[in-house]
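A.B. asks: This is the structure, below, for whatever I ask next.
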Amino acid sequence: MDNIIIDGLSFALPLFIMAIGGIYSEKSGITNLALEGLQGFGAFTGALVAVLTASWFSGGSQIPFYLAILFAVLGGALYSLLHALLCIKFKANQVISGVVINILATALTAFLTKQINSAVFGSPSDKFVLGVSNRITVPGLSQIPVLGAVFTNIYPFEIIIVVVAFIAWYVLYKTRFGLHLRACGDNPHAVDAAGIDVSRVRFIAVMVSGALSGIAGISFAYSISANFSGNIYVGYGYLSIAALIFGNWTILPTLGACLLFGFAKSGGYEIVKMLKMPSSYSDLVMILPYVLTLLLLIFFSKHNKSPRALGEIYDKGKR
Amino acid sequence: MKKLIVKLLGNEKRQSMTIPIFAILVSLVAGAVVLGLLGKNPLSAYMNLLQGSGLWPKASYAGGKNMLTDFTSFLNALTPMLFASLAVAVALKGGLFNIGISGQMLCAGFVTTVVIGYSGLSSGIAKPLVLLLGIVTGALVGGLVGWLKFKFNINEVVSTIMINYIAQYVISFCINTFYVNPVSRQSNPVSKAARLTLMETQVGDLKMDIPLGIILAVIAAFIIRFLFNKTKLGYEIKTVGSSITAARYAGISVGRNMVLTMVISGALAGLAGVTYYLGYFGSIQPKVLPSTGFDAIAVSLLGNSNPIGIIFSSFLITIISKGSTYMSSAAGVEAEIASVITGLILLFSACSAYIAYKVKRAKSSLEEEKILQEKEKTNDRADSGKGAE
């Protein structure tokens, strides 16, 4: 039981922070299928900084880990500029731009990883080895039955994600800027008439999605895969998009969707372990989150409403 | 400079051709700069791409191989890409975004592999059955997506992604449990009779892979073109794709067309799947979705979702991806540079609307200048006329 909660959370939270990024972007009216590429690129820049600086610090130092998170945020935000430019300035089709950004991210990071590895470290490896980050157990709280698992063996990034997610929630729903952002996705002309620069708000929203995806990417790199390589692109970005659509573009229900994915995944693994089934059966339980999503969507989709101006290129003259 | 660009790209009728070509050229130049920075000769690297695809003679060949055999194996790789890109295009025309081509390919490939690939049927029966079953499986999976969208308002992007995962895991489980080849860790190879590509066939003194599917793929492109240009169904699909409300007003059944669009798109994805798994490869690697399904989205975009355009764009993208292996060994560049160039091409062509807009602006500003100049001339003449009076 404890394992289900521990592993479930460590998968659900990065997914959640990426989905919040997606919500920011889509609430401002920019369809964001690029999350997959953004998280990968963020993980790449973060991992790059971590391996480059690793020799500066002693072996057990945690500084490279925090540097990696910082640079993953920067890298993700920087790369997301490309999506913002394409969608806002160059008026490209947003769905297509997202797919192109993903393809380019996969190609670019694979190419750069190999180039940098052979140039700096002299070995043509296609990955940056990071290892798994250390884990924290909160004394006292972790002793509570069942719920204590939430405070056991947490990755540091989980704490960061919870804090950032709370800030993101506050900004989106409780501040003036958040109101503008949400209005941009529903009625950009009204926002424009109120004297607010729609393009600027959307630019910021997309960059926020890039920054948050960066956190998600580097978290996956430091937990599930323990390195950065092409394996980071396994579709978690698309999964978080499914989560945010499932959560009807609002933050709290999206958290529910992410937790569902996380617990269904870790629960499936535990069942396979408990029943001592051969490992290939884990593939079969892995479908649980996806089947659940489809079934739940059948019941809940009728009320799903995307932001009204989502995916539309903003044209000032159209008013 | 301005004049040159307007002259080259200004013709609006030809822009659907000239702008993608412009995007390709710009990206190739950008790729050349990167290659140059790495200290490689870009021209010879690009030549290697063509050589690897059998479009330019190599310096030397292994026994039983020459340019023609390279070219047929290039066509072998092109076939699934062409089918998959057509599948994307059909869905796009209907206003749907089929991101689940990979999953549909996998389903079709797996079902046909199990049912026919392992059956021991003779070649004449097995091959048509492979195609038929591939079409049916793909169409069913695609149709399911369309039905979910129409009946339950489930966004097709989400449902196709979910189906991608479900297919990937279920099929990986089945392969690992029932059909795994202990040496290759892939599914057991399908029978030769069921293969859609005649592998290593002796023709004269050459050993070539003959992909039978490529003919079908080109025919399919023309059929899709006919469907959209000449038939009522195609017209209705396009109308639903441009505006659901307008289609409703016109009395077009939106739900029926949505499902039909996905059925056709899925069927094409199914063909892509069988030509990929029972043509190009011959076995299925568990737990891996074919990247073709995602690249196809981009190829389709580069070809303006136009079936004939897609023949060209898939040809180009396949040259780059197929030729990259040879380039990497011949020129000593990482093969990944090829996908970077592909990515750049797609990036620039995604901006095609913007380029068209800029060209239009440049054109009209040039025209204004001309008019101004002419006005000045006439004014001058008028002035000089006055002076003479």
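Yes/no matrix, rows are residues, columns are (1) surrounded by 20 or more Cβ atoms within 10 Å (Cβ to Cβ); (2) away from chain B (no Cβ under 14 Å); (3) of a type outside the set (Val, Ile, Thr); (4) in a loop (DSSP other than H, G, I, E, B):
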residue: A:101; (1), (2), (3), (4): yes, no, no, no
residue: A:111; (1), (2), (3), (4): yes, no, yes, no
residue: A:117; (1), (2), (3), (4): no, no, yes, no
residue: A:126; (1), (2), (3), (4): no, no, yes, yes
residue: A:145; (1), (2), (3), (4): no, yes, yes, yes
residue: A:158; (1), (2), (3), (4): yes, yes, yes, no
residue: A:161; (1), (2), (3), (4): yes, yes, no, no
residue: A:164; (1), (2), (3), (4): no, yes, no, no
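A.B. asks: Can you tell me which condition residue B:232 does not meet? The list is (1) within 14 Å of chain A (Cβ to nearest Cβ); (2) loosely packed, with under 14 Cβ neighbours inside 10 Å; (3) modelled with pLDDT of 90 or more, and all the others hold.
C.D. replies: Checking residue B:232 against (1) within 14 Å of chain A (Cβ to nearest Cβ); (2) loosely packed, with under 14 Cβ neighbours inside 10 Å; (3) modelled with pLDDT of 90 or more, the one that fails is (1).
A.B. asks: Oh, and also: Would you pick out the residues in segment A:31-68 that are buried (at least 23 other Cβ atoms within 10 Å of the Cβ) and of a type in the set (Val, Ile, Thr)?
C.D. replies: Listed by number, the residues that qualify are A:31, A:45.
A.B. asks: Can you name the residue in segment B:285-302 that is more than 10 Å from residue B:86 (Cα to Cα) and more than 9 Å from chain A (Cβ to nearest Cβ) and is also surrounded by the fewest Cβ atoms within 10 Å (Cβ to Cβ) among such residues? Walk me through how you get there before you give the answer.
C.D. replies: Going residue by residue through segment B:285-302, those that are more than 10 Å from residue B:86 (Cα to Cα) are B:285-295, B:298, B:301-302.
When the remaining residues are screened for being more than 9 Å from chain A (Cβ to nearest Cβ), the result is B:285, B:288, B:290, B:292-293, B:302.
Details: B:285: 15, B:288: 12, B:290: 25, B:292: 26, B:293: 29, B:302: 27.
Restricting to residues being more than 10 Å from residue B:86 (Cα to Cα) and more than 9 Å from chain A (Cβ to nearest Cβ), the top hit is B:288.
A.B. asks: Being facing chain A (nearest Cβ under 10 Å) and either assigned to a helix (DSSP H, G or I) or within 15 Å of residue A:97 (Cα to Cα) (or both) is the filter here, so list the residues in segment B:306-339 that pass it. Give the derivation first.
C.D. replies: Narrowing segment B:306-339 to residues facing chain A (nearest Cβ under 10 Å): B:333-339.
Listed by number, the residues that qualify are B:336, B:337, B:338, B:339.
A.B. asks: Looking at A:266, A:301, which one is within 27 Å of residue A:178 (Cα to Cα) and either within 13 Å of chain B (Cβ to nearest Cβ) or part of a helix (DSSP H, G or I) (or both)?
C.D. replies: Numbers: A:266 fails: within 27 Å of residue A:178 (Cα to Cα).
Going through A:266, A:301 in turn, the sole match is A:301.
A.B. asks: Report yes if some residue within segment B:340-362 is under 21 Å from residue A:113 (Cα atoms), small (Gly, Ala, Ser) and within 11 Å of chain A (Cβ to nearest Cβ); otherwise report no.
C.D. replies: Yes, that holds for at least one residue.
A.B. asks: Still on this model: Working only within segment B:318-335, note down all residues that are buried (at least 21 other Cβ atoms within 10 Å of the Cβ) and in contact with a Ser or Thr (Cβ under 6 Å, 6 or more places away or on another chain).
C.D. replies: Passing the criteria: B:319, B:320, B:322, B:323.
A.B. asks: Sticking with this structure for a sec: Please enumerate the residues belonging to segment B:220-265 that are farther than 23 Å from residue B:100 by Cβ, in a helix (DSSP H, G or I) and hydroxyl-bearing (Ser, Thr, Tyr).
C.D. replies: Correct list: B:235, B:239, B:245, B:249.
A.B. asks: On the basis of being surrounded by 19 or more Cβ atoms within 10 Å (Cβ to Cβ) and within 14 Å of another protein chain (Cβ to nearest Cβ), does residue A:247 make the cut? Before the answer, list the steps.
C.D. replies: Working: surrounded by 19 or more Cβ atoms within 10 Å (Cβ to Cβ): yes; within 14 Å of another protein chain (Cβ to nearest Cβ): yes.
For residue A:247, the condition - surrounded by 19 or more Cβ atoms within 10 Å (Cβ to Cβ) and within 14 Å of another protein chain (Cβ to nearest Cβ) - is met.
A.B. asks: With respect to the numbered conditions (1) closer than 25 Å to residue A:94 by Cβ; (2) of a type in the set (Ser, Thr, Tyr); (3) surrounded by fewer than 20 Cβ atoms within 10 Å (Cβ to Cβ), which one is the sole condition not fulfilled by residue A:269?
C.D. replies: (1)
A.B. asks: Still on this structure: For segment B:98-128, how many residues are in contact (Cβ under 8 Å) with a residue 24 or more places away in the chain and either over 17 Å from residue B:262 (Cα atoms) or surrounded by fewer than 19 Cβ atoms within 10 Å (Cβ to Cβ) (or both)? Steps first, please.
C.D. replies: Initial filter on segment B:98-128 (in contact (Cβ under 8 Å) with a residue 24 or more places away in the chain): B:98-114, B:116-123, B:126-127.
From what is left, the residues that are either over 17 Å from residue B:262 (Cα atoms) or surrounded by fewer than 19 Cβ atoms within 10 Å (Cβ to Cβ) (or both) are B:109-114, B:116-123, B:126-127.
Of the residues in that region, 16 qualify.
A.B. asks: Still on this model: So is residue B:154 closer than 26 Å to residue B:217 by Cβ, surrounded by 17 or more Cβ atoms within 10 Å (Cβ to Cβ) and within 14 Å of another protein chain (Cβ to nearest Cβ) or not? Break it down stepwise before answering.
C.D. replies: Numbers: closer than 26 Å to residue B:217 by Cβ: no; surrounded by 17 or more Cβ atoms within 10 Å (Cβ to Cβ): yes; within 14 Å of another protein chain (Cβ to nearest Cβ): yes.
Considered against the rule, which asks whether it is closer than 26 Å to residue B:217 by Cβ, surrounded by 17 or more Cβ atoms within 10 Å (Cβ to Cβ) and within 14 Å of another protein chain (Cβ to nearest Cβ), residue B:154 comes out as no.
A.B. asks: If you go through segment B:135-148, how many residues are surrounded by fewer than 24 Cβ atoms within 10 Å (Cβ to Cβ) and within 9 Å of chain A (Cβ to nearest Cβ)?
C.D. replies: So the answer is 0.
The values are calculated or read from the model by the stated rules, or taken from the named source; none is laboratory data. Remember, it's a predicted structure, so these values are computed and weren't measured experimentally. Here Cβ is always computed from backbone atoms with ideal geometry, including for glycine, and neighbour counts include all displayed protein chains.
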